[in-house]
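The values are calculated or read from the model by the stated rules, or taken from the named source; none is laboratory data. This is a predicted model, so every value here is computed, not measured. Note that we place each Cβ from the backbone using ideal geometry, even for glycine, and neighbour counts take in every protein chain shown. The accessibility values were calculated without ligands, DNA or RNA, using every heavy atom of the protein model including side chains. Shrake-Rupley method; radii C 1.70, N 1.55, O 1.52, S 1.80 Å.
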Amino acid sequence: METQSDTFVGAIDEGTTSARFIIFRAGTDDIVCYHQIEVPSIFQKEGWCEQDPMVIVNTVNECIAGACKKLTALGGQIQNIITIGITNQRESTVIWDRLTGQPLANAIIWLDNRTTSTVEELLEAIPNNARNINYLRPLCGLPLSPYFSGVKLRWLRDNVPSVKAAMDSGVAMFGTIDTWLMYNLTGGKNGGVHKTDVTNASRTMLMNIETLQWDPNLLKFFGLPKTILPEICSSAEFYGRIEQGVLKGTSVTSVLGDQQAALVGQQCLSKGQAKATYGTGCFLLYNTGASIVHSQHGLLTTVGYQLGRKATPYYALEGSVSIAGAAFNWLRDNIGIIQNSGQIEAMAATVDNSLDVYFVPAFNGLYAPYWNQDARGVICGLSEETTSEHIVRATLEAVCFQVRDILDSMHKDCKIPLARLMVDGGMTVNNLFLQLQSDLVGIHVLRAKIAETTALGAAMAAYKAVENRYSMEAPLSKSGPREPIKPTIGSTERNLRYQKWKMAIDRSLNWETSTLPQGEREAFDGA
Ligand SMILES: Nc1ncnc2c1ncn2[C@@H]1O[C@H](COP(=O)(O)OP(=O)(O)O)[C@@H](O)[C@H]1O
Ligand SMILES: O=P(O)(O)OC[C@H](O)CO
C-alpha cells in the first residue's frame with residue numbers, strides 16, 4: 001500500500017501495438033501500477049498501415065484514467081504524480097488543421113510501405129542521375145526509405161488534396177506521435193504546444209544531425225514548408241502542462257522516441273553500450289557518445305538522447321528490423337498456426353531445431369543493413385517432415401539472425417565487437433528465444449530487470465528535468481545483478497547456420513522487381 005506522502009512519476013508509452021500509462025515510484029524502477037490498451041491498426045490496401053489519430057489520443061487518455069484509478073485504490077495520491085514523460089512509436093506521421101485541431105488523414109504508421117513510389121521519385125530528383133539512397137546521409141544520418149516521416153509527409157502532400165491545401169495556406173501542423181499527444185494533452189486547438197524532441201526529430205529526415213535544427217536544404221529536397229514543423233526541444237525539459245482529465249495541471253517534462261527511451265531505461269549511458277528492444281520490430285542502438293558516426297554498413301545515425309537544454313547530445317548507431325514480434329502476429333492472424341503469444345515458447349521447444357527451415361519475414365521490404373524496399377518474405381527449406389513447430393522455431397530464429405546481421409555491421413563500423421547485449425521488450429519474456437539469440441550470435445545476453453524499460457527511460461528523463469540532484473547513473477533498483485544467458489553451441493555450427501540464413505536473404509531481396517521481363521510481367525499480372 002502507498003502512503004499519502006509517496007511521490008510518483010508517470011510515463012505514457014504509445015507503442016505500435018498498444019498504449020500504456022505506467023506509474024513509477026519517483027526515482028526508482030518500481031512500478032506502482034499501470035493500464036494498457038491495444039490500439040488497432042487499419043490495413044486499407046496492400047502494404048498500407050494506418051491508425052486513427054483520435055483513437056490514439058482517446059486510448060492514451062483512457063490509460064491515464066485507468067492507471068490513476070488503480071493508484072488511488074492502492075492509497076496513493078494523484079496529485080503526488082510530480083511529472084510525466086512521453087515515449088512513442090517513432091516515424092509514424094500525423095498531419096492536422098491548426099484551426100480545428102482535427103487530423104487531415106489517418107496516421108501513416110512507420111512500417112507502412114505505400115511510399116515506395118515516392119522514394120523512386122525522390123531518387124530521380126538526385127543530381128547527376130546518381131539515384132543514391134545515401135545521398136542525404138551526411139545531412140540527416142538516414143538513407144531514403146519509406147520508413148521515415150519526411151517521405152510519408154511528401155506522399156500526403158502529393159496524394160491528399162486537403163493536406164496540400166492546408167500546407168499551402170499555412171494551417172497544416174505536422175507531428176510524430178509524441179507531438180500529436182503533447183498537442184492534445186496541453187489544450188489542442190486552444191493553445192496546445194507544438195513541440196517534439198531531438199530523438200523523434202532525428203527520424204524525420206528533416207533535421208540536421210549536427211545542428212539539431214530543421215534543415216532548409218532537406219525541406220527543399222522534400223518540397224515541404226517549414227510552417228508545419230514543431231519546435232525541436234531536448235529530451236528532458238519543461239514542455240507544457242496537461243489541460244484536461246485527472247492529471248490536469250501536471251507538467252510534461254520528457255519526450256523520447258521509444259527505442260531511445262529504452263537506451264536510457266537500460267542505462268546504456270556510456271559510449272560503447274548497446275541494447276536491443278524486441279517488440280513489433282526490433283531495434284538495436286549502440287551509444288556512440290558525443291560523436292556522430294556515419295555508418296558504412298547500412299546502420300542509421302540517430303540522436304540517442306539529450307537530457308536537458310544545455311546537455312551534450314548523445315548519438316547512437318541504430319540497426320532497425322521492421323518485423324520481429326509482428327511475425328508472430330502474422331502466424332496468429334493470417335496463418336493460424338498459433339492462437340496466442342503465450343504458446344510460442346512451448347511450441348518451439350517441442351522440436352530440437354528448425355529442421356533447416358529459414359524464414360525471412362520481409363513483409364514490407366528489409367530494413368538494416370539491406371535497405372531493400374523490394375524484398376518480400378520467403379520460407380525456405382520446407383520438406384515433408386516440416387511441422388508448425390519447426391516454422392514457429394524458425395520465426396524465433398529469424399529475429400536472432402536479423403540481429404546478427406546488425407551486430408556484424410556494428411562491429412565493422414565501430415571495430416570493437418560487443419561483449420554483451422542488453423535486451424528488453426515484449427519478446428524477451430521468451431527464455432528459449434533469448435537462448436537462441438545467444439547461440440546464433442555467440443554473445444552474452446542480459447535481460448532487463450523490468451519489462452517496461454521504455455517507459456522507465458521516459459520516467460527517468462522526466463524526473464531528471466524536475467529534480468536536478470537526481471543522478472541518472474544511480475542504482476535504481478533493489479534487485480540483484482542480471483544473470484547472463486551464454487551460448488551453448490560452437491562457432492562452426494553458428495557460422496554454417498548463418499550462411500544458410502544469408503542464402504535465404506538472397507532469395508528474398510528484390511522480389512518485387514526481379515521476376516519477369518516487362519511484357520511477361522504484364523501478362524502475368526493480368527492473368
Ligand atoms: N512469448 C513470446 N514470444 C515471442 N514473441 C512474443 C511473446 N510475447 C509477445 N511477443 C511479441 O511481442 C510483441 C509485443 O511486444 P511489445 O514490446 O509490447 O510491442 P510494441 O512496443 O511494439 O507495442 C508482439 O508482436 C508479440 O507477438
Ligand atoms: O512499437 P515498437 O516498440 O516496435 O517501436 C517502433 C519503433 O519506434 C519504430 O521505429
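Quick look at the values:
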| item | result |
| --- | --- |
| Strands (runs of 3 or more DSSP E) enclosed by segment 240-343 - at least 3 residues per element that are surrounded by 17 or more Cβ atoms within 10 Å (Cβ to Cβ) and of a type in the set (Val, Ile, Thr) | 251-257, 300-305 |
| When residues of segment 433-453 are limited to those that are part of a helix (DSSP H, G or I) and open to solvent by less than 20 Å² (accessible area, probe 1.4 Å), the one modelled with the lowest pLDDT | THR453 |
| Selection within segment 109-135 - over 30 Å from VAL39 (Cα atoms), surrounded by 17 or more Cβ atoms within 10 Å (Cβ to Cβ) and touching a Phe, Trp or Tyr at 6+ places or on another chain (Cβ under 7 Å) | ILE133 |
| Hits in segment 28-59 (condition: under 27 Å from GLU467 (Cα atoms), in contact with a helix residue (DSSP H, G or I) (Cβ under 6 Å, 6 or more places away or on another chain) and not in a strand (DSSP E or B)) | ASP29 |
| Sole residue being more than 28 Å from LEU300 (Cα to Cα) and touching a Phe, Trp or Tyr at 6+ places or on another chain (Cβ under 9 Å), chosen from VAL392, VAL351, VAL378, VAL357 | VAL392 |
| Test: TRP48 is touching a residue at least 60 places away in the same chain (Cβ under 8 Å), open to solvent by less than 10 Å² (accessible area, probe 1.4 Å) and aromatic (Phe, Trp, Tyr) | no |
| First in segment 309-328 and under 21 Å from LEU256 (Cα atoms), second anywhere and within 11 Å of ligand 1 (Cβ to nearest atom), Cβ under 6 Å, 6 or more apart | SER320/PHE283; VAL321/GLY281; VAL321/CYS282; SER322/LEU111; SER322/GLY281 |
| Any chance ASN88 is away from ligand 2 (no atom under 16 Å from the Cβ) and either touching a residue at least 60 places away in the same chain (Cβ under 8 Å) or in contact with a Phe, Trp or Tyr (Cβ under 7 Å, 6 or more places away or on another chain) (or both) | no |
| Cross-chain or 6+ apart pairs with Cβ under 6 Å, segment 255-280 first and within 16 Å of ligand 1 (Cβ to nearest atom), then among the aromatic types (Phe, Trp, Tyr) and not in a helix (DSSP H, G or I) | GLN259/PHE283; GLN260/TYR305; VAL264/TYR305; THR277/PHE283 |
| Any hit, segment 269-276, residues being within 16 Å of ligand 2 (Cβ to nearest atom) and of a type outside the set (Gly, Ala, Ser) | yes |
| Answer residue from segment 394-421, given it is outside any helix (DSSP H, G or I) and open to solvent by 20 Å² or more (accessible area, probe 1.4 Å) and is farthest from ligand 1 (Cβ to nearest atom) among those | LYS415 |
| Helices (runs of 4 or more DSSP H) completely within segment 84-183 that count 3 or more residues being more than 28 Å from THR280 (Cβ to Cβ) and touching a strand residue (DSSP E or B) at 6+ places or on another chain (Cβ under 9 Å) | 161-169 |
| Meets criteria (part of a loop (DSSP other than H, G, I, E, B) and within 14 Å of the chain's Cα centre (by Cα)) for ALA368 | yes |
| Qualifying residues in segment 253-274 (those that are out of contact with any Leu (no Cβ under 7 Å at 6 or more places or on another chain) and among the aliphatic types (A, V, I, L, M)) - the one nearest to CYS414 (Cα to Cα) | LEU269 |
| Residues that are surrounded by 21 or more Cβ atoms within 10 Å (Cβ to Cβ) and either of a type in the set (Lys, Arg) or within 15 Å of ligand 1 (Cβ to nearest atom) (or both), drawn from segment 3-37 | ALA11, ILE12, ASP13, GLU14, GLY15, THR16, ALA19, ARG20, PHE21, ILE22 |
| Residues located in segment 310-343, provided they are basic (Lys, Arg) and either at pLDDT 95 or above or within 12 Å of ligand 1 (Cβ to nearest atom) (or both) | ARG332 |
| Matching residues in segment 80-111 - criterion: being touching a Pro at 6+ places or on another chain (Cβ under 6 Å) and away from ligand 1 (no atom under 16 Å from the Cβ) | VAL94, TRP96, PRO103 |
| Test: residue in segment 300-309 that is closer than 26 Å to GLU397 by Cα and basic (Lys, Arg) | no |
